[in-house]
Structures are given as C-alpha cells and as structure tokens.
Amino acid sequence: MKKIEDFEIKGDIAVSVKEMNLYYGSFHALRSIYMDFPVKKLTALIGPSGCGKSTLIKSLNRMNDLVEGCKITGEIKVGNTNIYDKKCDLPRLRKNVGMVFQRPNPLAMSVYDNVAYGPRTFGIRKKDELDSIVEHSLKGAAMWEEVKDRLNKSALGLSGGQQQRLCIARALAVQPQILLMDEPTSALDPISTGKIEELCMELKKDMTVIMVTHNMQQAFRIADYTAYFLLGEMIEMDETKKIFSSPVDKRTDDYINGRFG
Ligand SMILES: Nc1ncnc2c1ncn2[C@@H]1O[C@H](COP(=O)(O)OP(=O)(O)O)[C@@H](O)[C@H]1O
Ligand SMILES: [Mg+2]
C-alpha cells in the first residue's frame with residue numbers, strides 16, 4: 001500500500017484560514033474570513049440559514065472544487081500545508097480531513113464494506129487488516145455492539161441514527177486528523193442526537209472536530225469554541241462559554257438571545 005502521510009501539525013492550531021473569500025460566480029458568499037481551529041478541540045459554526053457555514057466547512061477539504069464557478073482566494077492551511085497550493089495532494093487531503101454530511105449517506109453495500117471502503121481505496125487488501133480496521137472504526141463510532149452480528153447485512157437496513165454513526169465509522173476508518181461534520185444530527189431523533197453528541201466528545205480526544213450546527217443548545221453542550229456567521233462574514237469566534245455569556249459583537253448577542261430577524 002502506498003503510505004499516505006499525515007499533515008504536519010505543530011503547535012495548537014490544526015487549520016488556519018486567512019483573508020479567505022469565496023465566490024459562487026458573481027455572488028460573494030464568504031467575506032474576508034480569518035479563523036484558527038485549535039487542535040483536538042470541537043469548534044462549532046453557528047448562524048442563520050444561508051450565512052455560509054456549509055460553504056466554509058466544505059472549503060476545508062476542497063469539496064467546493066466540484067462546484068462550477070466557485071472561486072476561492074486567500075489561504076487555508078492544514079498544519080503548515082496550504083491546501084489550495086497546486087502541489088497539495090488531494091487524496092492526502094481527503095484522507096486526513098474527513099467529512100460527515102447532514103443526511104446519512106451510507107453506500108448501498110454491507111456494513112462491513114461501507115467501513116472498509118476508504119481503506120480499500122487506499123490499497124489495504126489483507127482480510128485480517130481490514131477486519132481489524134472495521135472493528136476498531138465501529139467501536140470508535142460507538143456502534144460495534146449493535147452491528148457486530150450483522151456486518152454482512154446491507155447498511156440501508158440500519159436506522160437513521162445508526163446510519164449516521166456508520167458514516168462516522170467510515171470517516172474514522174482512514175484515520176483522519178480532522179473531522180468535518182455538517183449538521184450531522186439535524187435529520188435524527190433526540191436519542192440518536194444524544195449518542196452522536198457523546199461520540200463527538202470522545203472523538204475530539206484524538207482529532208480536531210469542526211461541526212456546523214443550527215442548534216445553539218448543541219453548540220453550547222459540546223463545543224469548546226463557537227464561531228458565529230452572518231451573511232458570509234465570520235462575526236465572532238471565542239470559547240463557547242464566552243460566546244454564550246458575553247459576546248463582544250451586538251449581532252452575536254442578538255442571535256444568541258433570539259432577537260434575530
Ligand atoms: N453551489 C452553489 N452555487 C451558488 N450559490 C450557492 C451554492 N451553494 C451555496 N450557495 C449560496 O451561498 C450562500 C451560503 O450557503 P451555505 O453555505 O449553504 O449556507 P449555510 O450552510 O449557512 O445555510 C447562500 O446564499 C447559498 O444560496
Ligand atoms: Mg448548511
């Protein structure tokens with residue numbers, strides 16, 4: 001197997017965004033964004049619908065490359081690697097910066113094959129090696145006990161909450177340094193949501209987690225840092241307790257206290 005290297009991350013900052021602007025054609029969707037995402041912390045991105053949260057999080061692993069007419073200026077670094085540099089290797093980026101989406105999107109294959117998918121694309125073929133990755137990843141996503149007897153059954157037969165944890169296991173299987181999650185619980189019931197929130201608290205012990213949520217209580221419960229977005233601008237980012245108790249910007253205060261819109 002061709003070894004895919006991690007990004008070198010020295011110091012406290014896993015991802016840094018500087019003077020970043022993003023355009024969809026002539027629409028200026030993100031304006032002069034500066035943000036530092038601390039290592040092995042959970043940072044939540046909050047703000048009203050359409051303010052650019054998904055656009056920002058997708059930029060962190062170049063998912064916007066697929067969007068026609070999308071143009072990005074400025075700098076985004078993972079560790080000390082500029083990910084928009086021509087020399088940046090996309091498979092390396094996608095391996096190290098994993099992503100979980102709003103709707104669970106398991107592949108129409110078995111539970112086992114879903115988790116083994118990433119490792120296989122990176123060249124791991126040996127059965128015992130894959131077995132151990134699958135077990136470890138499902139344990140990491142807190143669902144091994146639930147599915148260990150149905151690994152060969154279709155992933156589509158799982159409940160929504162299980163499917164979302166399976167998607168997390170699939171992301172974990174390639175050992176990302178950073179995990180991006182775009183509203184991972186918005187399609188789930190409260191019990192499944194609670195399980196994913198607990199899981200996120202565990203995951204951040206080993207990796208940097210960046211999560212979009214439209215649920216302010218969720219940010220308050222689980223995020224170390226929270227950033228507030230409005231109309232394509234990052235208004236304010238700070239420790240979660242500071243954002244929720246004494247934000248500096250009046251616009252953040254209005255949003256937190258339900259005086260928005
Ligand atoms: N592929 C796209 N093409 C054109 N405009 C887009 C595209 N994706 C998002 N937008 C626009 O960019 C803005 C930010 O969208 P988005 O990042 O999805 O917001 P959020 O996730 O905060 O709800 C919105 O005005 C949205 O309509
Ligand atoms: Mg969104």
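The values are calculated or read from the model by the stated rules, or taken from the named source; none is laboratory data. Note that this is a predicted model, so its numbers are computed, not measured. So basically every Cβ, Gly included, is an ideal-geometry build from the backbone, and we count neighbours across all protein chains shown. Only protein heavy atoms, including side chains, enter the accessible area calculation; ligands, DNA and RNA are left aside. Shrake-Rupley method; radii C 1.70, N 1.55, O 1.52, S 1.80 Å.
At a 1.4 Å probe, what is the % contribution of carbon and sulfur to the accessible area of the chain?
Numbers: 6440 of 12730 Å².
Heavy-atom surface of the chain belonging to carbon and sulfur, 1.4 Å probe: 51 percent.
Converting phi to 3J(HN,Hα) with the Karplus coefficients 6.51, -1.76 and 1.60 and the offset θ = phi - 60°, the stretch 238-252 yields 6, 4, 3, 5, 5, 4, 8, 9, 8, x, 7, 8, 4, 5, 5 Hz in sequence order, with x at every glycine or proline.
Which shape class applies to the stretch 30-108: rounded if a/c is under 1.5, otherwise prolate when a/b exceeds b/c and oblate if not, where a ≥ b ≥ c are the square roots of the Cα gyration tensor eigenvalues? Can you show the working numbers first?
Working: a/c = 1.21, a/b = 1.07, b/c = 1.14.
It is rounded, given that a/c, with a ≥ b ≥ c, falls under 1.5.
Dividing the mean sequence gap of close Cα pairs (under 8 Å, 6+ apart) by how many residues the chain holds gives a relative contact order of 27 percent. Calculated accessible area for the chain comes out at 49 Å² per residue, all protein chains present (probe 1.4 Å; ligands, DNA, RNA ignored).
Relative to the Cα centre, what is the charge dipole magnitude of the stretch 22-122, using +1 at the beta carbon of each Lys and Arg, -1 at the beta carbon of each Asp and Glu, and rounding to the nearest 20 debye?
Numbers: 15 positive and 7 negative charges, 32 e Å.
Once rounded to the nearest 20, the dipole reads 160 debye.
Using the Karplus relation 6.51 cos²θ - 1.76 cosθ + 1.60 with θ = phi - 60°, the per-residue 3J(HN,Hα) values for the stretch 186-201 come to 5, 9, 10, 6, x, 5, 5, 4, x, 5, 5, 4, 4, 4, 4, 5 Hz, with x marking Gly and Pro.
Distances between placed amide hydrogens fall under 5 Å for Leu30 paired with Leu22, all partners being 5 or more residues away or on another chain. Largest mean-square fluctuation among Lys77, Lys242, Lys40, in a Gaussian network model of the chain whose springs join Cα atoms under 10 Å apart, belongs to Lys242. For the stretch 134-141, 3J(HN,Hα) computed residue by residue from phi via the Karplus equation (6.51, -1.76, 1.60; θ = phi - 60°) reads 4, 5, 4, 5, 5, 5, x, 9 Hz, glycine and proline entered as x. In whole percents, the pair-distance distribution calculated for the chain from its alpha-carbon pairs, binned every 10 Å from zero, is 7, 30, 35, 22, 6, 0. Note on the chain: GNM, Cα springs under 10 Å; of Cys167, Cys200, Cys70, the largest mean-square fluctuation is that of Cys70. When a/c reaches 1.5 or more, the comparison of a/b and b/c decides; with that in mind, is the stretch 203-261 rounded, prolate or oblate per its Cα gyration tensor? Cα axes put the stretch 203-261 in the prolate bin. Taking all Cα pairs closer than 8 Å and separated by 6 or more residues, the relative contact order of the stretch 1-140 comes to 27 percent. With springs only between Cα atoms under 10 Å, which of Lys148, Lys204, Lys53 fluctuates most in a Gaussian network model of the chain? Highest fluctuation of the listed residues: Lys148.
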